[in-house]
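Participant: Supplied in structure tokens, the structure appears directly below.
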Amino acid sequence: MNPFSSGTRLRDMIRAIRACKTAAEERAVVRKECAAIRAAISENDQDYRHRNLAKLMFIHMLGYPTHFGQMECLKLIASAGFPEKRIGYLGLMLLLDERQEVLMLVTNSLKQDLNHSNQYIVGLALCALGNICSAEMARDLAPEVERLLHGRDPNIKKKAALCSIRIIRKVPDLAENFMGPAASLLKEKHHGVLIAGVQLCTDLCKANTDALEYLRKNCTEGLVRILKDVSNSPYAPEYDIAGITDPFLHIRVLRLMRMLGQEDADSSEYMNDILAQVATKTESNKNVGNAILYECVETIMGIEATSGLRVLAINILGRFLSNRDNNIRYVALNMLMKAITVDAQAVQRHRTTILECVKDSDASIRKRALELVFLLVNDGNVKPLAKELIDYLEVSDQEFKGDLTAKICSIVEKFSQEKLWYIDQMFKVLSLAGNYVKDDVWHALIVVISNAPDLQGYSVRSLYRALQTSYEQESLVRVAVWCIGEYGEMLVNNVGVLEVEEPMTVTESDAVDAVEVALKRHSSDMTTRAMSLIALLKLSSRFTPTSERIKEIVTQHKGSVALELQQRSIEFNSIIQRHQNIKSSLVERMPVLDEAAYLGKRAGSSQPTLSAEKSSKPTTSAASLKLPNGVAKPPAAPLVDLLDLSSDDAPVLPSAPNDFLNDLLGIGLPNSSSSGAAPSTTTDLLMDLLSIGTSPAQNGPSDSNVVPSSAKAAESKPAPVTAPVMDLLDGLPSNASPPRDENLVYPTITAFESSTLKIAFSFEKQPEKPQVTLISATFTNLSSSTLTNFIFQAAVPKFVQLHLDPASSSTLPANGNGTITQSLRVTNTQHGQKPLAMRVRMAYKFNDEDKLEQGQISNFPPGL
Amino acid sequence: ILLQNRQGKTRLAKYYVPLEDSEKHKVEYEVHRLVVNRDPKFTNFVEFRTHKVIYRRYAGLFFSMCVDITDNELAYLECIHLFVEILDHFFSNVCELDLVFNFHKVYLILDEFILAGELQETSKRAITERMAELEKLE
């Protein structure tokens, strides 16, 4: 009985499904069918089981779940008739795979069928086993399969041989059982058995070196004979494909020969003749012929062939390469890549053709060719090759540019003999495909430029020129902006002009224009903009006439929504406005970047920044990295370290920059205490730093050891309560809001008073957090001259935690004409048991003299 | 081995390595996307994950085989052609609908042609004769 002729319902179902116009309709039909099949399963319907399973397979192919049919497969397999078994095995192979538990149940049926007297049923079982065999099944059924290998029927033999492949792949230990039978298979005449046998031998060689040895000894001769027979055989219609007898057998035999001849001179020697024969006699005007040639070449390359044979092989590849069929060219490129290790010189001869392939329209060919070119490059040919590739970069596909750029960059880096050439090539790549250049590549370029003093002028001019046309290439813009910032004056003054250069006149404002464009371009990303800001800062000291304009540009970004940019512009603005005297030393050119260290770092170690990061502003790399005090040139982040305070070695420079450093620290450090560092340490650190710069000048009016018995009179002036939020560095104390009396639970105290300075503390507490007190400190200048570089520091006992917010300003106008405010957050962990206490220290410049005042505050209102 | 039509409907899918169903669908989808847009002048080989897809288009049907990166591409291309010839012979002038309605037979032919991911029989005549014998049994 044929399961499909009796009921047309499988056809009906397929028709119904095909007639569906929408996915929803299709789902409905499938659901209905599935329901019917489930019902049939639960009724244990014998007659239609096979038909239902066939339907399920179709449904499965459409992508619907069919788990419920798995048991039906097993039942069908267990039934006696061939048609039922057949559909059952088919279902088994489609609906299940080796990982399912259900499969365990089928082992027994398989075993029975493998021993069946009907050869067709044995065939079915072998087929199923070959397709879904698991490791357990392999162990259980290996003896049966092995026995079948010795049988007489070629159909069974070839199936058993392929089954054995699967078994060996699953359980390599079983390989030795199959060595003998596999070798005897090679003596067969039937092509199906032969090909299966050859494949089995190939897999045996992969699985087990003993098997490789055994087969090498026993089969090499036989293989050569087989190959001789098939390649010399007259026309055999049964196996003929395009005029060649059984190319598949050819190919399999050649492959096995490759495995046997690898690193074995004797067997290679034995194969030489026949390989030469195949290589010369096979016709190459058809795909099949080429397939054989291709395999033959691969074998020649793989074994210990004579040099004459190798030349022959490379020549075949050369012919392939000039073939018009893309498939052939593709395999030729593939093969040349392997051949290059064997005979690089011979491959070099085909260089021009390969280079043409890089420009092919087919992505597969391009990719192969590019990889091959990459392998072909050496010191001798790098210049023409790089030129070709860069020229092609201009016209290549968008999606290919990434690969191409990466390869060009690594070629240029690897083989550059002179810096000028390297820089030139990189500039070309940057201006053509800057958006595809990886960060580490342009970082390396900057390192090289910084190490080549005689080429810096040339670089900055070339970049400036390139910038005019290629603003859309992000990494070009970055490198250019960096170089203009660093070497701007070389651009304007034409320093170090090389002979090859065209003369060019760039004014200072042109240079600033270029950076400004980069800063304001819509598509520039954050890094580019930040780099532009720094470049501007650097230029402002070098191009004095433009400094007003730069100030304006910087100021515009004070309101930027990007925190990074806002912070930078505010900081830079403050440097420009109020620190003219130190600015030039601040924005000095960066020291030569450490090439070796950078390369070492690039080589893979992603070590944490080893520079002494005393400040810990995690978000702003620029602000944090400029603090390392020059002991370590920070190699880990040389390129972000743009502000470069590294040169401000404390001993070398006048004390002013030190104060500025402190100033910066004053901003930076309070944050560090919030990140968990003990507040006392923080303060100590501050003290230490301070003592470097200010120790000699302590003849101020303050007596540092005297605890001021300060007046307890409450401050009459209303103290500003609100902490300044925005003005981190800018002295704008006037925006303090009026006091909110209803919140003032505690009286305002005068914490400190000397002949020049008065400090008032006002307090605020949130009722739900009694331990935390917010203190607003208001500083007033009582003297007749302005105090600059004002810094306030505080230290508290161990049981108290202190958090200092940045001060509103560092300049305190004379005669009480203005105040500085600074807020402190104090957490008293022993609230209610111990009273609050604090030591304070104020450093400032008074009539251009450094002053230091200290004091202890013990008059905190009770209950803090 | 995958057989897909131009719309990406799978007509036959045979896996010789175990894969989850969802993974299979993903593979089918990705292979289709990879193959369908290629220019006929291009190579019949595309790299796919860690393997290579060898494909060939017959009218609206794509025959794709995913093979190891080291395998002989040209041979597999020929292999696909042989399979199509066998189908053609068996169904006498095969078309997509034949494959849809007789999908189980296509599977059976495939099982006679390739087993455990390796070629089993390279003679067209041997396979068609074998199929005829099997048909007689039913």
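The values are calculated or read from the model by the stated rules, or taken from the named source; none is laboratory data. Just so it is clear, the structure is predicted and the values come from calculations on it, not from any experiment. In this analysis, Cβ positions are derived from the backbone assuming ideal geometry, glycine residues included, and neighbour counts consider all displayed protein chains. Only protein heavy atoms, including side chains, enter the accessible area calculation; ligands, DNA and RNA are left aside. Shrake-Rupley method; radii C 1.70, N 1.55, O 1.52, S 1.80 Å.
Participant: Considering only the stretch B:26-57, state which residues are over 14 Å from the mean Cα position of the chain (by Cα) and of a type in the set (A, V, I, L, M).
Facilitator: Within the stretch B:26-57, B:Val27, B:Leu34, B:Val36, B:Val46 qualify.
Participant: Just to check your reading of the model, which residue among A:Lys414, A:Lys428 is surrounded by fewer than 17 Cβ atoms within 10 Å (Cβ to Cβ) and of a type outside the set (S, T, N, Q)?
Facilitator: When all the criteria are applied, what remains is A:Lys414.
Participant: From the list A:Leu95, A:Leu110, A:Leu105, A:Leu114, pick out the single residue that is farther than 14 Å from B:Glu112 by Cα and touching a Ser or Thr at 6+ places or on another chain (Cβ under 8 Å).
Facilitator: When all the criteria are applied, what remains is A:Leu95.
Participant: While we're on this one: Taking the stated definitions as given, is A:Val515 under 21 Å from A:Tyr464 (Cα atoms) and modelled with pLDDT under 80? Before the answer, list the steps.
Facilitator: Working: under 21 Å from A:Tyr464 (Cα atoms): yes; modelled with pLDDT under 80: no.
Against the criterion (under 21 Å from A:Tyr464 (Cα atoms) and modelled with pLDDT under 80), A:Val515 does not qualify.
Participant: Then there's this: Identify the residue in the stretch B:112-138 that is in a loop (DSSP other than H, G, I, E, B) and open to solvent by 10 Å² or more (accessible area, probe 1.4 Å) and, among all such residues, is nearest to A:Met93 (Cα to Cα). Working first, answer last.
Facilitator: Taking the stretch B:112-138 and keeping what is in a loop (DSSP other than H, G, I, E, B), we get B:116-117, B:120-123, B:138.
Add one more test, that the residue is open to solvent by 10 Å² or more (accessible area, probe 1.4 Å), and what stays is B:117, B:138.
On the way: B:Gly117: 13, B:Glu138: 20 Å.
The residue in question is B:Gly117.
Participant: Does at least one position in the stretch A:479-499 carry a residue that is free of Cβ contacts under 8 Å to residues at least 24 places away in the same chain, closer than 30 Å to A:Trp421 by Cβ and of a type outside the set (S, T, N, Q)?
Facilitator: Of all residues in the stretch A:479-499, those free of Cβ contacts under 8 Å to residues at least 24 places away in the same chain come to A:493, A:499.
Filter once more, keeping what is closer than 30 Å to A:Trp421 by Cβ: A:493, A:499.
Still in the list and also of a type outside the set (S, T, N, Q): A:499.
Scanning the stretch A:479-499, I find at least one residue that is free of Cβ contacts under 8 Å to residues at least 24 places away in the same chain, closer than 30 Å to A:Trp421 by Cβ and of a type outside the set (S, T, N, Q), so the answer is yes.
Participant: I need the full set of residues from the stretch B:39-61 which are within 9 Å of another protein chain (Cβ to nearest Cβ) and surrounded by fewer than 18 Cβ atoms within 10 Å (Cβ to Cβ), in order please.
Facilitator: B:Asp39, B:Lys41, B:Glu47 - these are the residues of the stretch B:39-61 that are within 9 Å of another protein chain (Cβ to nearest Cβ) and surrounded by fewer than 18 Cβ atoms within 10 Å (Cβ to Cβ).
Participant: Shifting gears a bit: Could you check, for the stretch B:10-30, whether at least one of its residues is at pLDDT 75 or above and away from every other protein chain (no Cβ under 13 Å)?
Facilitator: There is at least one residue in the stretch B:10-30 that is at pLDDT 75 or above and away from every other protein chain (no Cβ under 13 Å).
Participant: Would you tally the residues in the stretch A:810-835 being open to solvent by 10 Å² or more (accessible area, probe 1.4 Å), of a type outside the set (Val, Ile, Thr) and not in a strand (DSSP E or B)?
Facilitator: 12
Participant: Next question, about the same structure. Within the stretch A:326-365, take every residue that is surrounded by fewer than 19 Cβ atoms within 10 Å (Cβ to Cβ) and within 11 Å of chain B (Cβ to nearest Cβ) and give me the one that is nearest to the chain's Cα centre (by Cα).
Facilitator: Among those residues, the one meeting the criterion is A:Ala363.
Participant: On to the next question. For the condition within 14 Å of chain B (Cβ to nearest Cβ) and either out of contact with any Pro (no Cβ under 8 Å at 6 or more places or on another chain) or closer than 20 Å to B:Phe113 by Cα (or both), what is the one hit in A:Leu186, A:Leu194, A:Leu174?
Facilitator: A:Leu194
Participant: Right, next: Against the definition (at pLDDT 80 or above and hydrophobic (A, V, I, L, M, F, W, C)), how does B:Ile1 come out, yes or no?
Facilitator: No, not satisfied.
Participant: A:Tyr294 fails exactly one of the following numbered conditions: (1) of a type in the set (Phe, Trp, Tyr); (2) under 41 Å from the mean Cα position of the chain (by Cα); (3) open to solvent by 10 Å² or more (accessible area, probe 1.4 Å). What is the number of that condition?
Facilitator: (3)
Participant: Related question: Output the number of the condition that A:Val506 fails; it satisfies all remaining conditions of (1) crowded, with 16+ Cβ neighbours inside 10 Å; (2) in a helix (DSSP H, G or I).
Facilitator: The number of the failed condition is (2).
Participant: Starting from residues that are in a helix (DSSP H, G or I) and either over 27 Å from B:His25 (Cα atoms) or within 11 Å of chain B (Cβ to nearest Cβ) (or both), keep the ones in the stretch A:57-66 and report whichever is most open to solvent (accessible area, probe 1.4 Å).
Facilitator: So in the stretch A:57-66, the residues in a helix (DSSP H, G or I) come out as A:57-62.
Next cut, either over 27 Å from B:His25 (Cα atoms) or within 11 Å of chain B (Cβ to nearest Cβ) (or both) only: A:57-58, A:60-62.
Numbers: A:Met57: 4, A:Phe58: 7, A:His60: 33, A:Met61: 31, A:Leu62: 48 Å².
The extreme case among them is A:Leu62.
Participant: While we're on this one: Out of the residues in the stretch B:108-138 that are touching a Cys at 6+ places or on another chain (Cβ under 9 Å) and of a type in the set (D, E, K, R), state the one that is farthest from the other protein chains (Cβ to nearest Cβ).
Facilitator: B:Glu112
Participant: Quick check on my filter: what residues within the stretch A:366-387 are more than 14 Å from every other protein chain (Cβ to nearest Cβ), in a helix (DSSP H, G or I) and open to solvent by less than 20 Å² (accessible area, probe 1.4 Å)?
Facilitator: Residues satisfying the conditions are A:Leu372, A:Val373, A:Leu376, A:Val382, A:Leu385, A:Ala386.
Participant: In the stretch A:197-222, what count of residues is obtained for those that are away from chain B (no Cβ under 13 Å) and among the polar types (S, T, N, Q)?
Facilitator: Of the residues in the stretch A:197-222, 4 are away from chain B (no Cβ under 13 Å) and among the polar types (S, T, N, Q).
Participant: Quick check: anything in the stretch B:45-60 of a type in the set (A, V, I, L, M) and assigned to a loop (DSSP other than H, G, I, E, B)? Let's see the steps before the verdict.
Facilitator: In the first step, residues of the stretch B:45-60 are kept if they are of a type in the set (A, V, I, L, M); the result is B:46, B:53-54, B:59.
Retained after the next criterion (residues that are assigned to a loop (DSSP other than H, G, I, E, B)): B:59.
Yes, the stretch B:45-60 contains a residue that is of a type in the set (A, V, I, L, M) and assigned to a loop (DSSP other than H, G, I, E, B).
Participant: Wholly within the stretch A:67-186, which helices (runs of 4 or more DSSP H) include no fewer than the required count, namely at least 1 residues that are touching a Lys or Arg at 6+ places or on another chain (Cβ under 9 Å), among the basic types (Lys, Arg) and open to solvent by 40 Å² or more (accessible area, probe 1.4 Å)?
Facilitator: The helices (runs of 4 or more DSSP H) meeting that bar are A:70-78, A:135-149, A:154-170.
Participant: Which one is nearest to the other protein chains (Cβ to nearest Cβ) among residues in the stretch B:87-107 that are hydrophobic (A, V, I, L, M, F, W, C) and assigned to a loop (DSSP other than H, G, I, E, B)?
Facilitator: B:Cys95
Participant: Please tell me if A:Leu74 is within 45 Å of the chain's Cα centre (by Cα) and of a type in the set (A, V, I, L, M). Explain how you work it out, then say what you get.
Facilitator: Numbers: within 45 Å of the chain's Cα centre (by Cα): no; of a type in the set (A, V, I, L, M): yes.
No, not satisfied.
Participant: Among the residues of the stretch A:494-523, which ones are under 21 Å from A:Glu548 (Cα atoms) and over 34 Å from the mean Cα position of the chain (by Cα)?
Facilitator: Within the stretch A:494-523, A:Val506, A:Thr507, A:Glu508, A:Ser509, A:Asp510, A:Ala511, A:Val512, A:Asp513 meet the criteria.
Participant: Ok, one more. For B:Val84, which of the numbered conditions (1) within 12 Å of chain A (Cβ to nearest Cβ); (2) at pLDDT 85 or above; (3) farther than 16 Å from A:Asn327 by Cα fails to hold?
Facilitator: Condition (1) is where B:Val84 drops out.
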